[in-house]
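For reference, the structure is listed below as structure tokens.
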Amino acid sequence: MVIASGRPIAHVAKELELSPQLLGRWVHDYRVEHPDPGGPSPAESARIRELEEKNRVLQMENESLKTGPAAFFAKTLQP
């Protein structure tokens with residue numbers, strides 16, 4: 001019901017009088033055994049997460065480089 005309809009696990013679990021944790025585990029197990037053919041593989045998903053984290057770090061470094069020298073020189077030029 002969760003997979004076919006896309007309904008939240010909590011709603012389906014309540015309707016079926018199951019704990020959401022149990023149903024969530026079943027849904028997870030099903031998705032591992034039957035991956036979405038149009039979606040990324042587990043290896044691709046891991047690589048995407050890795051690249052997103054690397055991108056986040058590089059963006060933060062870039063922002064600090066943009067503001068870092070300006071802030072430094074602004075302080076040194078003030079009397």
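Of all residues in the stretch 29-79 being within 22 Å of A4 (Cβ to Cβ) and modelled with pLDDT of 80 or more, which is surrounded by the fewest Cβ atoms within 10 Å (Cβ to Cβ)?
So the residue we want is E33.
Residues that are without any contact (Cβ under 8 Å) to a residue 60 or more places away in the chain, in a loop (DSSP other than H, G, I, E, B) and in contact with a helix residue (DSSP H, G or I) (Cβ under 8 Å, 6 or more places away or on another chain): does the stretch 27-38 have at least one?
yes
The values are calculated or read from the model by the stated rules, or taken from the named source; none is laboratory data. For clarity, every value in this text was computed on a predicted model and none was experimentally measured. So basically every Cβ, Gly included, is an ideal-geometry build from the backbone, and we count neighbours across all protein chains shown.
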